[in-house]
Amino acid sequence: MAGEIVDIADDKTLLRRMKAGDRSAFKEIYDKYWSKLYIYGYNILRERQSCEDAVQEIMVDLWMKREVLQIESLSSYLLAATRYQVLKVIRSGKVRSEFFIQAAAITEEYNGEQLIHGRDISSLVDNHISQLPDKCREIFTLSRKQQLSNREIAEKLGIAPKTVENQITIAIRRLRSSLGDVLLAIFVLLHWF
C-alpha cells in the first residue's frame, strides 16, 4: 500500500514538472502509461494501428494541453481519455470490433418497436448488478459507474489492488453468464453513445 501512495505522489510530481515544460517528466509519463493504455484500447478495438494512433493522440494532447489541464489522478484521466479515443474510433467506422459487430447485428434484426429501449436494458443490467455479492457489487460500481481506478478503489476500501481486480473479474464473468455477451455489448453501446 505504501508503494502505491508513493506512486500517486510520483504522478503528481511528474504532472507538476510536465506543466512547467519538463520534457523528461513527460517522457516518464509516456513510458509508464503507454503500454497500459495500448492494451486497454486493444482489448476493445482488436486493431493494432488504431490503438497506437489513439494512444499517441492522447499523449500528444497531454503535452499540448499540459498548462491548462486540471488532473487529479493521472491514471484515471488517461484511462478516461483512452476510452474516449476508442469510442471516437468506433464511431468513425474505421474499426469495427467483433464485440460491436455482434451488437449491431442483433439490433438490426429488430424494428424500432421490437428493440429494447436503452433504459430497459440499463434497468435489466442494474438488476443483475444488484444480485452480485455485496463487496463485488460495490467494487464493480466504483469501477464502472464512478470510473475509479483499481488503485483508487483499493485505497478507498482499504484492500489490495489484486482483490479489486479479482472482484471485477468475478462481476464481469457473472454478468456475462447471466446477460450474455451481446446484451452486455448493447448496454455498453447505449450507455456510452
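The values are calculated or read from the model by the stated rules, or taken from the named source; none is laboratory data. Everything numeric here is computed off the predicted structure, so don't read it as measured data. Cβ sites come from the backbone with ideal geometry, for glycine too, and all protein chains shown count toward neighbours.
Within the stretch 16-38, the set of residues being assigned to a helix (DSSP H, G or I) and over 21 Å from the mean Cα position of the chain (by Cα) comprises R16, R17, M18, K19, R23, S24, A25, F26, K27, E28.
Answer yes or no as to whether I159 is at pLDDT 90 or above and either within 15 Å of the chain's Cα centre (by Cα) or buried (at least 18 other Cβ atoms within 10 Å of the Cβ) (or both). Judged against the criteria, I159 is not a match. For the stretch 37-78, the set of residues classified as under 20 Å from S143 (Cβ atoms), exposed (fewer than 15 other Cβ atoms within 10 Å of the Cβ) and in contact (Cβ under 8 Å) with a residue 24 or more places away in the chain is empty.
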